[in-house]
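Read the structure below first, then the notes.
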Amino acid sequence: MMENILVVDDDRSILKSIQMMFEGKYAVTTAEKGGEAQKRIQDREPDLVLLDIGLPDMSGMDLLAEIRRTNPEIVVVMITGADEASTVVKAMKLGAYDYLVKPLDGQEIKITLQNALENRRLKDRIRRIQQANGERYSLELVGKSEKLKNVMTTARNAAKSVDTPLLLTGESGTGKGLLARVVHYRYSDLPGPFVTVNCTAITHELFESEIFGYERGAFTGARAEGKKGRFEAAADGTLFLDEIGSMSLSTQAKLLGVLEDRAFYRVGGSKAVRVSARIIAASNMDLEKAVEEGRFRKDLFFRLNVVKVELPPLRERPDDIVPLTEYFVKTHNEKTGKKFARTSPEAMKVLQDYSWPGNVRELRNAIERVVLLEDGDELLPGHLSFIRPGQGGTRAPGADFSGELDYAETIKGLIREALRRSRGNVLEAARLLKMPPHKMRYRIKKYDLGN
């Protein structure tokens, strides 16, 4: 399907020559006045508008501003006279992709429009990927409780400002990483990637070189060509600093400088690198208490705490257990080929009576275990024998997959079932459990589960 170009100029010779130039390559329509162009855009939204600044009935700048406001997906290239440099600057600030100076050069028109349309295609591809990811991650934040609705509203509003850091707090398993991805993929229009830094997984010695990068020869063992850090990798996207409370005080000081100046230096470098990424930080630690104890910088806490979203534990939003259970059952049905169509009222009561100390992550793991190990079309109380309902949320063997007491037995049961379903194929069993094959082999040997 041909891309549509609208050319707006009161010079009929320009309109005719551009039509002839792109005949057979693009579908070109023309307009001699701003009002006529508005109607053309309304009737059939073009992919690109080639717009003259000087029109007989209105300013091309006003029409540009209207297009950017009402049809921001349209790429606009301005046509201007040689003596209108200040107007060109204004047009670029209003969102024009590029400009052409009269008298127009045919080759320059072709190259500029080709680049502009390729830019639009790239943005369209990125937008489709972002939307798909946004929908996928948003589904896992399902729920109807007021607390969850308030969280989502705050996150959506916070996403409007790329320069303002966002702080996510809450117990482990409440979905902080998931919410960070929703902010990036669904609530933002950032073309760059989502980059995660697990602050607990990187040693203090390597942390600065990992997030800021380093220049060649910065230290012994450094790559000869140097290395970009996570900040640069997240350009025009989002940098997610997970468990920021474990960051050392010296690195906290440098991070504060980055947040204040929106620039940083690579390790061993002398040239400032501009930051173009949104910063989202998360912690299950009480950062205010950490500040009081001297483990977290007060000034960094205040800078991060401008917009804070606290994710409530699952026990404080019991209304969300039903929709979450339905979603996880459906998801794991699709992964395993099972056909659990419903959850019995008695089984749902077991789920609702349990306090879920591991929060949504624990619920997801529990449903995954049931769907993988059990058969039938209805989830029954007997399938949940590893959960003991009660006020204290007392856990029976295997209820909390993050606990140490029965972790081994839970893993052994899952591996046995995966090996049974895969008829002993280790690679297929690893795929069923989303486990790297080398870890699967290690655990088979560790738990003596081989033939």
Cβ-Cβ under 7 Å, sequence separation 6+ or interchain: first residue in the range 161-172 and free of Cβ contacts under 8 Å to residues at least 12 places away in the same chain, partner part of a loop (DSSP other than H, G, I, E, B). Which pairs?
none
When you look at ILE279, is it within 23 Å of TYR185 (Cα to Cα), of a type in the set (Val, Ile, Thr) and either part of a helix (DSSP H, G or I) or out of contact with any His (no Cβ under 6 Å at 6 or more places or on another chain) (or both), yes or no?
yes
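Yes or no, residue by residue, for (1) modelled with pLDDT under 90; (2) surrounded by 20 or more Cβ atoms within 10 Å (Cβ to Cβ); (3) not β-branched (Val, Ile, Thr):
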residue: LYS271; (1), (2), (3): yes, no, yes
residue: ALA277; (1), (2), (3): yes, yes, yes
residue: ALA290; (1), (2), (3): no, no, yes
residue: ARG295; (1), (2), (3): no, no, yes
residue: VAL309; (1), (2), (3): no, yes, no
residue: LEU314; (1), (2), (3): no, yes, yes
residue: LEU351; (1), (2), (3): no, yes, yes
ALA132 versus (1) modelled with pLDDT under 85; (2) in the same structural domain as LEU63 (by TED's automatic domain parsing); (3) loosely packed, with under 13 Cβ neighbours inside 10 Å: which is the lone unmet condition?
(2)
Only one residue in LYS412, LYS434 is surrounded by fewer than 16 Cβ atoms within 10 Å (Cβ to Cβ), at pLDDT below 85 and in the same structural domain as ALA366 (by TED's automatic domain parsing). Which one?
LYS434
Qualifying position, being of a type in the set (Val, Ile, Thr) and more than 40 Å from the chain's Cα centre (by Cα), among ILE74, ILE14:
ILE14
If I ask for residues that are over 22 Å from GLU316 (Cα atoms) and of a type in the set (A, V, I, L, M), which ones from the range 330-365 would you list?
ALA341
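Per-residue answers, yes or no, for (1) modelled with pLDDT under 90; (2) farther than 18 Å from PHE328 by Cβ; (3) over 34 Å from the mean Cα position of the chain (by Cα); (4) not basic (Lys, Arg):
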site	(1), (2), (3), (4)
ARG364	no, no, no, no
LEU380	no, no, yes, yes
GLY392	yes, yes, yes, yes
PHE401	yes, no, no, yes
GLU404	yes, yes, no, yes
ARG416	yes, yes, yes, no
Looking for something out of contact with any Lys or Arg (no Cβ under 8 Å at 6 or more places or on another chain) and either assigned by TED's automatic domain parsing to the domain that holds ASP189 or at positive phi (or both) - is there at least one such residue anywhere in the range 57-79?
no
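The values are calculated or read from the model by the stated rules, or taken from the named source; none is laboratory data. Just so it is clear, the model here is predicted, and its values are computed rather than measured. Reconstructed Cβ throughout: ideal geometry from the backbone, glycine too, with neighbour counts over all protein chains shown.
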